[in-house]
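Worksheet: one structure, shown below.
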Amino acid sequence: MKKIDEVAPRVLACTRCGLHLSRRNAVPGEGRGDAEIVLVGEAPGRTEDETGRPFVGRAGGLLDRALAEAGLDRSQVFITNAVKCRPPGNRRPTGEEVEACSVHLAEQLDAIRPRVIVALGAVASSLLKGCPTRVDSEPFAFRGIRVVPTYHPAAALHGNRMAVGRMVSTLRAAKEPTRGSC
Ligand code: URA
């Protein structure tokens with residue numbers, strides 16, 4: 001079994017925070033175990049909780065559009081979230097929940113060792129940076145891997161017109177190996 005395949009069973013059995021009490025399904029993430037690009041979102045929403053798959057609701061539709069515009073698709077990347085279980089009512093995950101779940105993300109990133117991590121939104125960006133950060137901040141490194149913060153697709157659903165365009169340009173740049181070093 002590949003190291004990445006060992007993470008999902010641990011996520012599915014996880015009781016590290018209270019979110020396991022209200023989840024229908026934990027959402028470990030999916031994609032290539034040897035992906036060059038890993039996308040990290042915030043936390044599953046309702047459709048993800050129902051299906052156990054990341055980014056399959058409305059935000060996922062926008063993410064798929066941004067991937068396609070950047071010349072990518074899901075089969076080429078690995079998609080996961082900072083928090084693997086749905087916060088009730090889609091509220092923002094608490095610092096304790098993000099911290100409790102961070103072991104799973106760290107294991108995934110250690111197993112995949114991608115060339116670049118695209119952090120979708122402030123929760124993923126701040127977790128990976130280790131301090132509060134903004135989605136328009138400069139790239140930084142997480143355990144030696146380049147992290148590029150960008151907008152979360154839900155920002156577009158909330159009326160931010162720049163969000164999809166910024167995601168597309170971030171994903172295009174992430175695809176380009178020559179621009180991939182810190
Ligand atoms: N929003 C996220 O951050 N992740 C998902 O999987 C779905 C919506």
> If you check S125, S102, which single one turns out to be buried (at least 22 other Cβ atoms within 10 Å of the Cβ), assigned to a helix (DSSP H, G or I) and not β-branched (V, I, T)?
Replying inline: S125
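Answer yes if at least one residue in the stretch 78-94 is farther than 16 Å from L171 by Cβ and in contact with a Ser or Thr (Cβ under 6 Å, 6 or more places away or on another chain), and no otherwise. Outline the logic, then answer.
Residues of the stretch 78-94 farther than 16 Å from L171 by Cβ: 81-94.
Restricting the remaining residues to those that are in contact with a Ser or Thr (Cβ under 6 Å, 6 or more places away or on another chain) gives 88.
Yes; the residues of the stretch 78-94 include at least one that is farther than 16 Å from L171 by Cβ and in contact with a Ser or Thr (Cβ under 6 Å, 6 or more places away or on another chain).
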>> Quick check on this structure: which one of A43, A68, A26, A35 is free of Cβ contacts under 8 Å to residues at least 60 places away in the same chain, part of a loop (DSSP other than H, G, I, E, B) and small (G, A, S)?
In response: A26
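For the stretch 67-79, give me each residue that is of a type in the set (A, V, I, L, M) and within 13 Å of the ligand (Cβ to nearest atom).
I79
Restricting to the stretch 71-93, and then to whatever is of a type in the set (K, R) and in a loop (DSSP other than H, G, I, E, B), can you tell me which residue is farthest from I4 (Cα to Cα)? Break it down into steps so the answer makes sense when it comes.
Start the filter on the stretch 71-93 by keeping residues that are of a type in the set (K, R), which leaves 74, 84, 86, 91-92.
Filter again for in a loop (DSSP other than H, G, I, E, B), leaving 84, 86, 91-92.
Working: K84: 15, R86: 22, R91: 28, R92: 27 Å.
Among them, the one singled out is R91.
Give the stretch 141-162 a look and list any residue that's surrounded by 17 or more Cβ atoms within 10 Å (Cβ to Cβ) and without any contact (Cβ under 8 Å) to a residue 60 or more places away in the chain, or say none.
Passing the criteria: F142, I145, R146, V147, V148, P149, T150, Y151, A155.
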>> Which numbered condition in (1) over 21 Å from L128 (Cα atoms); (2) surrounded by fewer than 18 Cβ atoms within 10 Å (Cβ to Cβ) is the only one that D34 fails?
In response: (1)
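Can you tell me which residues in the stretch 30-52 are near the ligand (Cβ under 8 Å from one of its atoms), of a type outside the set (A, V, I, L, M, F, W, C) and out of contact with any Leu (no Cβ under 6 Å at 6 or more places or on another chain)?
Residues of the stretch 30-52 that are near the ligand (Cβ under 8 Å from one of its atoms), as a first pass: 41-45, 47-48.
After this cut, where a residue has to be of a type outside the set (A, V, I, L, M, F, W, C) as well, the list is 41-42, 44-45, 47-48.
Those that are near the ligand (Cβ under 8 Å from one of its atoms), of a type outside the set (A, V, I, L, M, F, W, C) and out of contact with any Leu (no Cβ under 6 Å at 6 or more places or on another chain): E42, P44, G45, T47, E48.
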> Can you spot a residue in the stretch 41-49 that is in contact with a His (Cβ under 9 Å, 6 or more places away or on another chain) and among the hydroxyl-bearing types (S, T, Y)?
Replying inline: no
>> Among the numbered criteria (1) surrounded by 14 or more Cβ atoms within 10 Å (Cβ to Cβ); (2) out of contact with any Pro (no Cβ under 7 Å at 6 or more places or on another chain); (3) modelled with pLDDT of 95 or more; (4) assigned to a helix (DSSP H, G or I), which one does E96 miss?
In response: (1)
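Being hydroxyl-bearing (S, T, Y) and either within 13 Å of the ligand (Cβ to nearest atom) or under 15 Å from the mean Cα position of the chain (by Cα) (or both) is true for just one of S137, S126. Which residue is that? Before you say what the answer is, go through the steps one by one.
Working: S137 fails: either within 13 Å of the ligand (Cβ to nearest atom) or under 15 Å from the mean Cα position of the chain (by Cα) (or both).
Among S137, S126, only S126 is hydroxyl-bearing (S, T, Y) and either within 13 Å of the ligand (Cβ to nearest atom) or under 15 Å from the mean Cα position of the chain (by Cα) (or both).
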> Checking A106 against (1) touching a helix residue (DSSP H, G or I) at 6+ places or on another chain (Cβ under 6 Å); (2) without any contact (Cβ under 8 Å) to a residue 40 or more places away in the chain, which test does it fail?
Replying inline: (1)
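Which one of V98, V116, V135 is closer than 21 Å to G33 by Cβ and not acidic (D, E)? Explain how you work it out, then say what you get.
Numbers: V98 fails: closer than 21 Å to G33 by Cβ; V135 fails: closer than 21 Å to G33 by Cβ.
Step by step, each of V98, V116, V135 is checked, and only V116 is closer than 21 Å to G33 by Cβ and not acidic (D, E).
The values are calculated or read from the model by the stated rules, or taken from the named source; none is laboratory data. Predicted model only: the values in this text are computed from it and were never measured. We place every Cβ from the backbone using ideal geometry, glycine too, and count neighbours over all the protein chains shown.
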